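Undergrad: Quick one: this structure, given as structure tokens, is what I'll be asking you about.
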Amino acid sequence: MIQLIENARKYTGRIALKCNEEKWNYEQLIQKSENIANQLIGDENDLKECRIAFLVDPGFDYVSIQWAIWLAGGIAVPLCTKHPLPSIQYVINDTQASIIIYSKNYKQLILSLELNIGQQSIPIEAFAENVFHKKALPNVSTERRALILYTSGTTGNPKGVVTTHHNIENQITALIDAWQWDKDDHILNVLPLHHVHGIINVLSCALWVGACNEFLVSFDEEKVFDVFKKKEVNLFMAVPTIYYKLINYFQNLPKMEQIEISAVLSNFRLMVSGSAALPISVLEKWKVLSNHTLLERYGMTEIGMAISNPYKGERKPGHIGQALKGVSIRLVDENNNAVQNGEVGEIQVKGPNVFQEYWQKPEATKDTFSNDGWFKTGDIAIFNKDSYKILGRNSVDIIKSGGYKISALEIEEVLRTYPGILECGVIGIPDEEWGEIIGACLITNGIILDIQQLNSWLREKLPNYKIPRKYIFQDDLPRNVMGKVTKKELLISFLED
Ligand code: MLC
Ligand code: AMP
């Protein structure tokens with residue numbers, strides 16, 4: 001039984017989703033999901049964990065498809081609507097998705113995919129409104145795999161993070177409890193729906209309690225404030241870059257409009273920031289304009305949310321709070337021994353929220369758990385009195401930009417295939433707006449490269465947020481005695497440039 005969908009049956013008349021002034025209630029959502037589930041199953045009784053990928057904008061169709069896949073016993077693989085063809089192809093190949101569902105604005109992209117025998121693409125319109133011979137849907141146990149989300153790591157290509165229904169339920173309920181979600185809540189969802197922040201923290205938490213999730217198909221400062229001004233929304237969750245952008249936009253508004261928006265925001269129940277470190281300057285500016293101290297929390301695709309500042313009580317700037325209910329946290333040194341309070345260590349996590357595996361990567365899965373079963377996050381923190389504080393990461397090859405996790409190695413691999421580039425080093429450069437921006441140091445042996453041309457070429461291969469924003473050229477990369485590129489030294493070259 002999928003508890004999220006079972007819950008919805010209690011709220012049939014309530015509004016579940018809103019997008020561009022259109023509204024759908026829980027009954028419509030259940031009906032459409034069941035219809036699609038029946039059609040996905042076809043002559044079978046159960047999709048038996050077949051991967052079903054979908055390339056659909058945030059909205060009623062997106063949620064109906066996600067729920068339909070779960071009802072039919074499949075694994076949902078949401079695709080990023082902003083990704084170029086190679087990134088989508090990679091996910092399709094890696095998951096061996098048997099069906100790819102798409103909405104019409106992505107038809108051209110889908111038709112360009114190379115599909116194997118047995119893989120088929122289906123436009124969302126092909127699903128009939130009503131199925132007349134409904135079959136019994138399978139009884140899906142919570143131990144079954146539910147979702148694969150792709151995340152970058154210290155290896156080149158992104159890995160598929162597999163969570164079960166049990167994992168997802170625990171990720172949701174920990175937040176329902178911590179942040180006191182209620183059926184009368186109404187949240188604006190501006191986040192991409194191929195990551196946990198948008199899918200779990202916002203969408204699924206809202207639907208779990210019978211609340212309303214309002215979508216903005218993509219982030220736009222003016223549209224966000226326009227929705228807020230309607231005074232329906234009382235909850236907001238976003239990455240620090242979004243708060244930064246909203247503050248900048250707000251500061252350029254006429255005084256009267258600022259007063260109106262501030263009054264509306266001060267009536268919100270809760271505003272949350274996460275996915276990257278929240279700069280104290282952003283927290284302070286947002287407090288002035290909204291009268292809210294942003295609640296900062298910490299999470300990861302592999303674990304959902306793990307640590308959060310309190311709903312009630314002091315939210316310490318620069319800190320992420322304490323372990324959520326049901327989640328165990330420890331900090332360990334390089335030898336995997338737990339450190340004392342007040343000492344620096346890597347965050348490790350245990351609990352029912354922790355993912356099952358990287359899709360078809362048993363070695364990578366094994367490596368990411370300690371021998372005693374703790375998930376190794378790679379994030380370095382300290383526990384100060386009563387709150388955790390993130391200090392950094394144990395890999396310089398992971399970049400967080402705009403809340404997206406990016407592998408420096410993946411970008412380097414692509415750059416090396418560009419004519420004229422002999423060697424390169426990619427790093428994250430600290431940036432107040434984006435958290436980090438991507439810097440690439442290129443070794444070309446004197447060949448002058450046209451950066452605009454290079455960027456256009458890269459955009460065909462990588463998503464926009466993986467495109468370097470700063471380039472420098474050097475004769476060689478700084479290396480240690482072992483020949484390994486010393487990225488900290490490289491960063492200095494960028495900062496001095
Ligand atoms: C875009 N731009 C960037 C950039 N991304 N510049 C520098 N660094 C980046 N990373 C530039 C573009 O080139 C363009 O410039 C302009 O910004 C607008 O581009 P866009 O693609 O339209 O961006 P926008 O829609 O404004 O995106 C910004 C954003 C987006 C903050 C809304 O990055 C976003 O949705 N981030 C959220 C990601 C997320 O959900 N992460 C959660 C992962 S889960 P020009 O010059 O061309 O106009 C996780 C676990 C947890 O982390 O704890 O939650
Ligand atoms: P992802 O792999 O995209 O899910 O990103 C997870 C990573 O985001 C974590 O490992 C952290 O490095 C980072 N992160 C999430 N929340 C925070 C936070 N509040 N402060 C600092 N880093 C964060």
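Undergrad: Of the residues 309, 337, which single one is free of Cβ contacts under 8 Å to residues at least 12 places away in the same chain and not small (Gly, Ala, Ser)?
TA: Numbers: 309 fails: free of Cβ contacts under 8 Å to residues at least 12 places away in the same chain.
Result: 337 is the single residue among 309, 337 that is free of Cβ contacts under 8 Å to residues at least 12 places away in the same chain and not small (Gly, Ala, Ser).
Undergrad: For segment 113-139: of the residues being out of contact with any Ser or Thr (no Cβ under 9 Å at 6 or more places or on another chain) and among the charged types (D, E, K, R), which is farthest from residue 70 (Cα to Cα)?
TA: Here the answer is 114.
Undergrad: Please work out if residue 224 is open to solvent by less than 30 Å² (accessible area, probe 1.4 Å) and within 11 Å of ligand 1 (Cβ to nearest atom).
TA: Spelling it out, residue 224 is indeed open to solvent by less than 30 Å² (accessible area, probe 1.4 Å) and within 11 Å of ligand 1 (Cβ to nearest atom).
Undergrad: May I pose another question? All but one of (1) out of contact with any strand residue (DSSP E or B) (no Cβ under 7 Å at 6 or more places or on another chain); (2) surrounded by 22 or more Cβ atoms within 10 Å (Cβ to Cβ); (3) part of a helix (DSSP H, G or I) hold for residue 248, so report the exception by its number.
TA: Residue 248 satisfies every listed condition except (2).
Undergrad: From the residues in segment 373-396 that are assigned to a loop (DSSP other than H, G, I, E, B) and modelled with pLDDT of 95 or more, which one is surrounded by the most Cβ atoms within 10 Å (Cβ to Cβ)?
TA: 374
Undergrad: Let me ask something else about it. Which pairs have Cβ atoms under 6 Å, sit 6 or more apart or on different chains, and link a residue in segment 27-52 that is in the same structural domain as residue 134 (by TED's automatic domain parsing) to one that is among the hydrophobic types (A, V, I, L, M, F, W, C) and open to solvent by 40 Å² or more (accessible area, probe 1.4 Å)?
TA: Partner pairs satisfying both residue conditions: 37/137.
Undergrad: Here is a follow-up. Taking residue 458, is it modelled with pLDDT of 95 or more and surrounded by 18 or more Cβ atoms within 10 Å (Cβ to Cβ)?
TA: yes
Undergrad: What number of residues within segment 1-55 are open to solvent by less than 60 Å² (accessible area, probe 1.4 Å), closer than 19 Å to residue 165 by Cα and not in a helix (DSSP H, G or I)?
TA: Selection size over segment 1-55: 9.
Undergrad: To continue, here is another question. Restricting to segment 148-171, give me the number of residues that are more than 13 Å from ligand 2 (Cβ to nearest atom) and open to solvent by less than 20 Å² (accessible area, probe 1.4 Å).
TA: Here the count works out to 7.
Undergrad: Let me ask another. Could you identify the single residue in 174, 128, 178 that is more than 16 Å from ligand 1 (Cβ to nearest atom) and either open to solvent by 30 Å² or more (accessible area, probe 1.4 Å) or modelled with pLDDT of 95 or more (or both)? Walk me through it before giving the result.
TA: Working: 174 fails: more than 16 Å from ligand 1 (Cβ to nearest atom); 178 fails: more than 16 Å from ligand 1 (Cβ to nearest atom).
Criteria check complete, one pass: 128.
Undergrad: Shifting gears a bit: Among the candidates 296, 357, single out the residue that is modelled with pLDDT of 95 or more, touching a strand residue (DSSP E or B) at 6+ places or on another chain (Cβ under 9 Å), among the acidic types (Asp, Glu) and open to solvent by less than 20 Å² (accessible area, probe 1.4 Å).
TA: Every option except 296 fails the conditions.
Undergrad: Moving to a separate point now. Suppose we filter segment 430-442 for residues that are out of contact with any Pro (no Cβ under 8 Å at 6 or more places or on another chain) and open to solvent by less than 10 Å² (accessible area, probe 1.4 Å); how many remain?
TA: Summing the residues that are out of contact with any Pro (no Cβ under 8 Å at 6 or more places or on another chain) and open to solvent by less than 10 Å² (accessible area, probe 1.4 Å) in segment 430-442 gives 2.
Undergrad: Inspect segment 276-286 for any residue being within 23 Å of the chain's Cα centre (by Cα), open to solvent by less than 40 Å² (accessible area, probe 1.4 Å) and within 9 Å of ligand 2 (Cβ to nearest atom) and give the result as yes or no.
TA: Checking segment 276-286: at least one residue is within 23 Å of the chain's Cα centre (by Cα), open to solvent by less than 40 Å² (accessible area, probe 1.4 Å) and within 9 Å of ligand 2 (Cβ to nearest atom).
Undergrad: While we're on this one: Among the residues of segment 430-469 satisfying the criterion of being part of a strand (DSSP E or B) and more than 23 Å from residue 80 (Cα to Cα), which is nearest to ligand 1 (Cβ to nearest atom)? Please lay out each step first, then the result.
TA: Pass one, segment 430-469, residues part of a strand (DSSP E or B): 430-431, 435-443.
Filter again for more than 23 Å from residue 80 (Cα to Cα), leaving 430-431, 439-443.
On the way: 430: 12, 431: 8, 439: 11, 440: 13, 441: 17, 442: 18, 443: 23 Å.
In this case the residue turns out to be 431.
The values are calculated or read from the model by the stated rules, or taken from the named source; none is laboratory data. All values reported here derive from a predicted model rather than from experimental measurement. Every residue, glycine among them, receives a Cβ derived from its backbone with ideal geometry; neighbour counts consider all protein chains shown. Side chains are part of the model used for accessible areas, which takes the heavy atoms of the whole protein and leaves out ligands, DNA and RNA. Shrake-Rupley method; radii C 1.70, N 1.55, O 1.52, S 1.80 Å.
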